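Worksheet for the structure shown next.
Every number in this text was worked out from the coordinates using simple rules, so none of it is lab data. Just so it is clear, the structure is predicted and the values come from calculations on it, not from any experiment. Ideal geometry is used to build each Cβ from the backbone, glycine not excepted, and the neighbour counts take in all protein chains shown.
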Amino acid sequence: MLTYVSKRLGQSLLTIFLTVSTVFVLIRMAPGDPAYALAGPLASTGDLEKIRISMGLNEPLLTQYGIFLKDLGAGNIGKSYSFQAPALEVVMSRLPNTIFLAVLAILLAIVVAIPLGVWMAKRADTKRELGVNVLTIAGQSMPDFWIGIMLLTLFAVVFPIFPSSGFTSWSGVVLPVTTVAILQIALVSRMVRREVGTNMAAPYLTVARARGTGEQKLTWAYAMRNSSIPILTTLGTRFAGMLNGVVVVEVVFNWPGLGSLVVRALETRDYPLIQATVLVTSVLAVGVQLLIDLCYPLLDPRVRLGKVSVA
Amino acid sequence: MSVLEVRDLAVELMTTAGVIRAVDGISFSIDAGQTVTIIGESGSGKSTTAMGLLRLLPDDLAVISGHAVLDGVDVVTEPKKFAKLRGRSVALIPQDAMTALSPVHTIGRQLGEAIPRKGGASTADLNRRSVELLEQVRIPEPAVQLKKYPHQLSGGMLQRVLIAMALAVDPVLLVADEPTSALDVTVQAGILDLLMELQERTHVAILMITHDLGVARLVSDRIHVMKDGKFVESGEVEQIVEHPQTEYTKKLLAAVPKLGHWDGEPHHDALEAGPPSPYATDQQATVRQATSSQATTSPVTLNGAHP
């Protein structure tokens, strides 16, 4: 078990390193010039050159990468060009808002999607289930910015129940969280329906029913319990995805999280800020994935002790 | 006094292509302490009979009709009342032990669930009873096995666990749906011996479903030969084996491999290989009348019908 954990930990670190390195190269290959973005269209060629030298962008790519790694080792990612503050600090100040949004959205998704998915599995192919099924297809097909704008129009403009933007009170949380959660609910409930449906038809369930086990227990203790690994994996992947900043929704609702920050960082070619965001979000995403992997042995005895055997 | 009384039982399976009469008006009864075997090839409807009698076929897929009384409850007309009998007066020994237990729950947990809890029974009582049951089916080190998961036991051991589970409730009827088909031949004999010994002790009635004439011969009091959802021949074991009356039973007997010299010629009187198609031909399938028992359709087994 210990070797398994250390092996997975090593893989995680490698993933983070490769992600950060790839982004370092890619943003420098992309068109656009941070000096120009900072100084504006009226700056002279000489001024731009001076700014580039002060940012260290005149050096060859490999030298820049070497300096970046050295600084990273010392825990320094550089100063954001546009905020004129350490990039990591800027990211960390925005992070709680995104985590807050993601946690609320995933909790809402769990609370709604799991019972909904189980209900669909048990009522499969009835008329009412078909209706709900169509709704979930709609839910996963609608783009999130469109859902966001529709909710805004309906509940902030036509019926002004909730504020349209910002993060000032609890009522301001409702619309962004709902927007993010709708897609997750649609995806997760369909997934639960499929998994639980498969397990409800499994031979062991018929045998358990034959020995007089009650319907509730069959559903939750057997079918749901046996579906827990794929469901947890999906939830974890969705959650990690949300931590990367729910970009569009944050922009639509003017939510002060990582998503809106990274959009601004990209617009201004703020290399240190982009790198800091990528570093933080990749650490989080990989961390969540690691945590879920470590849960597998607890959920399925066949995965224990690093021996995977599917009977 | 018979434990199970079946008259004109029929099971119709709803499929996208139409209705299939998998079980077509069969009648039989089983007395306490007796073993009645339904034997037939794949697709004859024998497993559908067993699962239908236990009401374990999905309601939207299978329509059961006729008359079947088990322990005073009408299986056909009182499904709710009958559901309470499952795991009380009637128990199932399933076909494939390897898939018959939930992979993420321990043997002890699943066995414990089958044990009826009388008022004030503690966890220790439950544990003691579980160990006792595993001892009855001759599983070594029962206390250790209770903590194991299904994938840690062999198929033969799992089948013993399932028999223990079936016995936990003191049933009046055991439905054994091909209990040895998935097992190694050497293990089969042990399981059948165990079943016979337990029957002698508890006087439980057994409905045995099998395609294996050897098994039927060993355990049965009466045999019903099933083909296309109907009984083609019924009788005592010796009578069926020694003096088969119908052509089908004769072929079934001839299909049993024999030791000895082989002249290199194929068996001309052997049964056609493979299960019959549930839809006799495409044309017949489209014009078939759902309710007509004269329809020339062949039934399917439970496994074939399940999605």
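Structural remarks
- Relative contact order, percent, chain A [alpha-carbon distance under 8 Å, six or more residues apart]: 27 percent
- Residue-count net charge about A:Leu187 - beta-carbon cut-off 15 Å; Lys, Arg +1, Asp, Glu -1: +2
- Applying 1/(1 + (r/R0)^6) with r as the Cβ-Cβ distance of B:Thr246 and A:Thr198 and R0 = 41 angstrom yields a FRET efficiency of 0.45.
- Cross-link pairs exceeding 20 Å between alpha carbons, from the set B:Lys46/B:Lys80; B:Lys81/B:Lys230; B:Lys227/B:Lys251: B:Lys46/B:Lys80; B:Lys81/B:Lys230.
- The alpha-carbon of B:Lys258 sits under 21 angstrom from the alpha-carbons of these lysines, leaving out residues fewer than 8 places away in its chain: B:Lys250.
- For residues of B:94-102, the mean tally of beta carbons on other chains within 10 Å: 5
- Counting Cβ atoms of other protein chains within 10 Å of each residue's Cβ and taking the mean over peptide B:156-168 gives 1.
- Other residues whose C-beta falls under 12 angstrom from the C-beta of B:Glu233 contribute a net charge of +3, scoring Lys and Arg +1 and Asp and Glu -1.
- Taking a point 7 Å out from the Cα of B:Asp170 in the direction of its Cβ, the residues of the range B:191-221 whose backbone N falls within less than 15 Å of it are B:201-205.
- Spatially proximal lysines relative to A:Lys70 (Cα-Cα < 19 Å; intrachain offsets below 8 disregarded): A:Lys79
- Residues whose amide H falls under 5 Å from that of B:Asp31, counting only those 5 or more places apart or on a different chain, are B:Val3, with hydrogens built in the peptide plane.
- Shape category assigned to the range A:212-311 from the gyration tensor of Cα positions, a/c cut at 1.5: oblate
- Peptide A:291-301 shows a mean partner chain C-beta count of 1 within 10 Å per residue C-beta.
- Taking 13 Å as the cut-off, the amide N atoms of the range A:147-191 that come nearer than this to a point 7 Å along the Cα-to-beta-carbon line of A:Ala138 belong to A:147.
- 0 to 90° range, to nearest 10: angle between helix A:228-243 axis and chain A longest Cα axis: 20 degrees
- Whether chain A is rounded, prolate or oblate, judged on the alpha carbon gyration tensor where a/c under 1.5 counts as rounded: oblate
- Between the listed residues B:Ile30, B:Leu192, B:Gln159, the Cα displaced farthest toward the positive end of the dipole of the protein assembly as shown, a dipole computed from Cβ unit charges relative to the Cα centre, is found at B:Gln159.
- Distance in nm between pseudo-label sites at A:Leu2 and A:Thr45 (7 Å out along the Cβ direction from Cα): 6.5 nm
- Cross-link partners of B:Lys84 among lysines (Cα-Cα below 20 Å; sequence separation of 8 or more within a chain): A:Lys217, B:Lys118
- Helix-derived mean residue ellipticity, 222 nm - over chain A, DSSP H n ≥ 4, -39500 (n - 2.57), to 500: -23500 deg cm²/dmol
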